[in-house]
Structure formats: C-alpha cells, structure tokens
Amino acid sequence: MDPVDLERFLDRELKALPRPDAPQTLLPRVMAAAVRQAGNPSPATGWSTWSAGWQAAGVAALMFVVAGVGWLLSAPPEPVSDMTRTAGETAAVMRLFWDVLLQPVVTYIFILGLSLALACAAAWAALEFALGGATQQ
C-alpha cells in the first residue's frame, strides 16, 4: 500500500471513531473543587509565613551580607589599592594573551567555519536543484 493511501485510510478510520464522552462525575467534581478554592483563598506567601528555622537562616544570611559589606567599606585603603593594582595587571596580561595568541586563531577559525557553512549551503542548493526540490502534496 502506498504511504499516501495508508495515511488517508488511517485518517478516515480515526475520524470515523466516536468521540469519547466525559464521565458523568467530572462536572460535579470540578464545580466542588472551584467552590472549595473560592471559599478558601490561599494565604499570602511572605517571610512571615516561613518556618522558624528558615526565618533564622534568612536573618543569619542577611547578617552575613551586612557584615561583609561593612568589612569591605571599613578596610584600609592600602589592601584595596593593592587589589586594584593586581586586578589591573591581570587584565593587562589577559589582554596581551588575547591580542597575541587567541585573536588570530579565533579569527581564522571563524573564517573557516563561515566558509564551511556557505559551502554546505551551496551543496544543499545544488542537490535541491538537481533532484527537483521537495514534492508538494
């Protein structure tokens, strides 16, 4: 049997099947659930509804963050300047590494990938043309 004929046959047979009916108890159960939900709105979910353990953990985390920010703001300027100088030197080394080693390689890889993608697209177009394209049914 031809696949197109099989598809048409299956479609016709499936459409000939009777539609299933919902159970008689479905509507009363849905209506009862809707009434229960409307009569019992969900409580507000906020910090005050958390358990005592989670509230304590939240307070401890907040205190940790506040202490860290306070420590950073009260740090003497010398370690901060050392840190910024080290960060600047690291950024300079990374920039040099990118300019000398990575950028030329990445550029060639990008050009190669783009060329391969265009070659694949051209091959696909040639095959579509040679084979007559997709059938429209």
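The values are calculated or read from the model by the stated rules, or taken from the named source; none is laboratory data. Worth saying up front: this structure is predicted, and the values here are computed from it rather than measured. Because the Cβ atoms are built from the backbone with ideal geometry, glycine has one as well, and the counts that use them run over all protein chains shown. Heavy atoms of the whole protein, side chains included, go into the accessibility calculation; ligands, DNA and RNA do not. Shrake-Rupley method; radii C 1.70, N 1.55, O 1.52, S 1.80 Å.
Output the residue which, of all residues in the stretch 72-88 that are assigned to a loop (DSSP other than H, G, I, E, B) and open to solvent by 60 Å² or more (accessible area, probe 1.4 Å), is modelled with the lowest pLDDT.
Filtering the stretch 72-88 for residues assigned to a loop (DSSP other than H, G, I, E, B) gives 74-76.
Of the ones still in play, those that are also open to solvent by 60 Å² or more (accessible area, probe 1.4 Å) are 74, 76.
Details: Ser74: 80, Pro76: 68.
It comes out as Pro76.
Let's see how each residue does on (1) at positive phi; (2) open to solvent by 100 Å² or more (accessible area, probe 1.4 Å); (3) assigned to a loop (DSSP other than H, G, I, E, B):
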| position | (1), (2), (3) |
| --- | --- |
| Phe9 | no, no, no |
| Lys15 | no, yes, no |
| Arg19 | no, yes, yes |
| Gln24 | no, yes, yes |
| Val30 | no, no, no |
| Val59 | no, no, no |
| Met63 | no, yes, no |
| Gly70 | no, no, no |
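Can you tell me which residue is nearest to Val4 (Cα to Cα) among those in the stretch 89-137 that are loosely packed, with under 10 Cβ neighbours inside 10 Å and among the small types (Gly, Ala, Ser)?
Only one residue fits best here, namely Ala134.
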